[in-house]
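To keep things clear, I will list the structure first and then write my remarks on it.
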Amino acid sequence: MQATLILTIGNFPLKFPPYIIFKNTSAKDNDLVENPYEDQIILRQNKTGWINEEILKDYLERLIFNLKFSPDYQIHLILDRCKVHLKNTIIEKLQENQIKYSFVPSGATGFVQPLDVCINKPFKDCVRKYYKEWFQKEGIKKII
């Protein structure tokens, strides 16, 4: 089962909900998953389980663009070189919202993105387990 996990951290006392994209080949692309815990976790689904432009824009709108606490407060996103992160429409959105950004060099994730190695992978493994159990409990036969 494919799932993409976006975890966000900051240097201020604000808790960000995990943003998870599940693969569901029968879903309409970029559907929100019915979720009674929307304030604690954001669930989306699409045919690939990967982030795409629409989902990245939703993430930015929900979790990043609304963070301006004061005019001199600066947000800096550190992104990997995923194709969707590099799209002009995304870069323009970041610039419009005065968000600074930088890209992790290709092949350097294990060195400069320790969250991917130490937190994201174990978290995704746990989410996959519970998602599979939920599918089985609901009687959904096909998990892709």
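Among 75-84, 103-112, how do they line up from the highest to the lowest mean number of other beta-carbon atoms within 10 Å?
Peptide ranking by packing, descending: 75-84, 103-112.
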Inset, instruction - For the stretch 74-144, restrict the atom set to alpha-carbon positions and state the Rg and Dmax in Å. - result: 17.1, 47
Legend entry - Calculated FRET value between K87 and R62, using beta carbons and R₀ = 22 Å, to 0.05: 0.75
Inset, instruction - Report, in cubic angstrom per residue, the convex hull volume of the C-alpha atoms of the stretch 3-138. - result: 126 Å³
Legend entry - Only Lys, Arg (+1) and Asp, Glu (-1) charged, at Cβ; the stretch 3-138 dipole about Cα centre in debye: 400 debye
Inset, instruction - Would you mind telling me which residue in Y59, Y19, Y130 has the biggest mean-square fluctuation in a Gaussian network model of the chain, where springs connect alpha carbons within a distance under 10 angstrom? - result: Y130
Inset, instruction - Please arrange I20, I119 by counting, for each residue, the other beta carbons lying within 10 Å of its beta carbon, fewest first. - result: I119, I20
Legend entry - Cβ-based net charge around C126, under 15 Å, with every Lys or Arg adding one and every Asp or Glu removing one: +3
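Each value in this text was obtained by applying a stated rule to the coordinates, not by laboratory testing. Keep in mind the model is a prediction, meaning the values are calculated, not measured. Counting neighbours? That spans all protein chains shown, and the Cβs are built from the backbone with ideal geometry, glycine included.
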